[in-house]
Amino acid sequence: MTTLEFKPQLFETLRNYSKKQFTTDLMAGIIVGIVALPLAIAFGIASGVTPEKGIITAIVAGLLISVLGGSKVQIGGPTGAFIIIIYGIIQQYGFEGLTIATLMAGVFLIMFGVLHLGTIIKYIPYPIIVGFTSGIALTIFTTQVKDLLGLTMASVPSDFIEKWIAYGGAFTTIDCWSAAVGVGSVALIALWPKLTGLLPRSSFLGKLPGSLIAIIVMTIVALLLKQYAGVTTIETIGDRFSISNQLPGATVPALSWETIKGLVSPAITIAILGAIESLLSATVADGVIGARHSSNTELIAQGVANLASPLFGGIPATGAIARTMTNINNGGRTPVAGIIHAVVLLLIFLFLMPLAQYIPMACLAGVLVIVSYGMSGWRSFASIMKNPKSDVIVLWVTFLLTVIFDLTIAIEVGLICACLLFMRRMAETTDVKVISDEIDPAEEESDFQLGNLEHLTIPEGVEVYEINGPYFFGAGNKFEEIMGALGHGRPKVRIIRMRKVPFVDSTGIHNLTNLCLMSQQEGIQVVLSGVNERVQAVLHKARFDELVGTDNICSHINLALERANELVERIEKLKE
């Protein structure tokens, strides 16, 4: 019976917590909170919700992920990976549908952790991760073109290709002031690390993120242009949204079976995406701080966070690699830093949120352009292009489906492609060869007895087949192909060597059973050789030993050849 693996790192670290560690965690938490602020606002707006919902998500989910998580340094909150799937759900089901989908995703994440699927999720093929991450990055960039350039458009199509066609038609409506703010924001964020490199390492200014600096600078610029130059075309958050700093009460949405059925697929997508991103972030963090996270505990914490966040009006959340690395780089080594980050965001929300109405939309678009560039992983994309064709196919299929259709379809089809290609590779690793005259002792390993070299010759009327690799559906057809290609009379005994078969599945047992039944119908005895204990246990459970006979399952080739001799002699006597 599987035991529940839930050991939050917070309670482990508090046992030996010190004042010195709290000082470093405090500084790291404050800095991460400041870094998370512009991202939370930008991710909220890009997802199709109000800016305060992004911050509420960072507060609620960030707090719970730090308190209950399996990583010491993980920082949770809204991320760019969810933007596309959230926007699509809102368009189809409204915000209430998003709330239900997020709650369902939370349940799925908890189930992943309870069922110990944390380690399995980490083995999702890398080309799929790069494919949909790059696709999300391109899609995010595409959604920000209107605000970045200040285009005048009645509506923006949801389809990727139609969106670019619409942009082309509205190109002449570019607002120069908005475009200057947007492009200026991109330039400032990109150059900020180089500018801070000239400052002393201890400088607090150097620790501030370029996105926050860009928002402060461009907001002041926009206010000055409006006040002294009469520029009123730069759209701000306040022009589009009504800003509130009131903490929402917990509300449970009305649930209907039809809505739940319709949201299963996007909810699973949210859960898988959240699991992948959080575990990837935790793994990267482990490599930096020399620790080891509990993947199943982390998944349960992510599930609880995604159950709580939508109840307070939030959106899906997961572990954020950039914020986690910021935490580490500034000295954060325990979950206390993540808790402080959530408290800092709460204080900003309560006392400074009304100021967000003056932030230019073009500036937030610039922030997301930088985020999309960071997500694009173009170097990883280019390196996979040099890999085998199967990896390239999975990469491009996932990427194009993410861009042209949606993330749900991309992940589903990408996983199917990866599974099919994996099965094909597994089938290729399993081969069946025929040994017709004698067995070369030089090729034998542990199951060969050097004292019985005289038994290497294969008796007349005996065929030896050797399976090399896992025995599953791919090997059954190879048996038929090889036997059909031999083109000579029927043998009296077939020896099937399985010393190099690490495992056998139900399909392999089915194929092996059919082979034995066909052989018996033709009057041919089947003898198994070199069956390991694991495979033998599976065969016994499937009652295969009753079909072939326990005497015909031999531990090594010497005994199998002796048994074959006995069977051949018995058949010859019966003929006489």
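Before moving on, here are some points about what is shown:
- Residue tally, condition farther than 23 Å from Thr142 by Cβ, outside any helix (DSSP H, G or I) and in contact (Cβ under 8 Å) with a residue 24 or more places away in the chain, over segment 370-395: 1
- Residue check, Gly366 in a loop (DSSP other than H, G, I, E, B), open to solvent by less than 10 Å² (accessible area, probe 1.4 Å) and touching a residue at least 40 places away in the same chain (Cβ under 8 Å): no
- Count of residues meeting criterion [part of a helix (DSSP H, G or I) and either open to solvent by 10 Å² or more (accessible area, probe 1.4 Å) or not small (Gly, Ala, Ser) (or both)] in segment 268-294: 15
- Test: residue in segment 407-426 that is open to solvent by 70 Å² or more (accessible area, probe 1.4 Å), within 30 Å of Leu149 (Cα to Cα) and in contact (Cβ under 8 Å) with a residue 60 or more places away in the chain: no
- Matching option when the condition is at pLDDT below 95 and of a type in the set (Val, Ile, Thr), among Ile315, Ile276: Ile276
- Residue match in segment 114-131 (condition: out of contact with any Lys or Arg (no Cβ under 6 Å at 6 or more places or on another chain), within 27 Å of Val344 (Cβ to Cβ) and either assigned to a loop (DSSP other than H, G, I, E, B) or modelled with pLDDT of 95 or more (or both)): no
- Residues that are open to solvent by less than 10 Å² (accessible area, probe 1.4 Å) and more than 16 Å from the chain's Cα centre (by Cα) were ranked within segment 127-146; the one that is farthest from Met375 (Cα to Cα) is Thr142.
- Checked against the criterion of being of a type outside the set (Lys, Arg) and open to solvent by 40 Å² or more (accessible area, probe 1.4 Å), the candidates Ala179, Ala170, Ala187 yield just one match: Ala187.
- Checking Thr172 against (1) assigned to a helix (DSSP H, G or I); (2) under 27 Å from Ala418 (Cβ atoms), the condition it does not meet: (2)
- Qualifying residue in segment 64-74 (condition: in a helix (DSSP H, G or I) and surrounded by fewer than 24 Cβ atoms within 10 Å (Cβ to Cβ)): yes
- Some residue of segment 24-35 being outside any helix (DSSP H, G or I), over 29 Å from the mean Cα position of the chain (by Cα) and surrounded by fewer than 19 Cβ atoms within 10 Å (Cβ to Cβ): no
- Checklist (1) assigned to a helix (DSSP H, G or I); (2) open to solvent by 20 Å² or more (accessible area, probe 1.4 Å); (3) aliphatic (A, V, I, L, M); (4) out of contact with any Ser or Thr (no Cβ under 6 Å at 6 or more places or on another chain) applied to Ile84, failing item: (4)
- The sole residue among Met325, Met361, Met385, Met353 that is of a type outside the set (Gly, Ala, Ser), over 19 Å from Leu63 (Cβ atoms), at pLDDT 90 or above and open to solvent by less than 10 Å² (accessible area, probe 1.4 Å) is Met361.
- Glu298 fulfils the conditions (1) touching a strand residue (DSSP E or B) at 6+ places or on another chain (Cβ under 9 Å); (2) farther than 27 Å from Ala410 by Cβ except for a single criterion, (2).
- Taking segment 210-243 as the range and being under 36 Å from the mean Cα position of the chain (by Cα), surrounded by 14 or more Cβ atoms within 10 Å (Cβ to Cβ) and in a loop (DSSP other than H, G, I, E, B) as the test, the residues that pass are Phe241, Ile243.
- Meets criteria (over 19 Å from Ser281 (Cα atoms), aromatic (Phe, Trp, Tyr) and either assigned to a helix (DSSP H, G or I) or open to solvent by 10 Å² or more (accessible area, probe 1.4 Å) (or both)) for Tyr93: yes
The values are calculated or read from the model by the stated rules, or taken from the named source; none is laboratory data. Values in this document were obtained by computation on a predicted structure and should not be read as measured data. Here the Cβ is made from the backbone with ideal geometry for all residues, glycine too, and neighbour counts use every protein chain on show. Areas reflect the complete protein model, heavy atoms only, side chains present, ligands, DNA and RNA absent. Shrake-Rupley method; radii C 1.70, N 1.55, O 1.52, S 1.80 Å.
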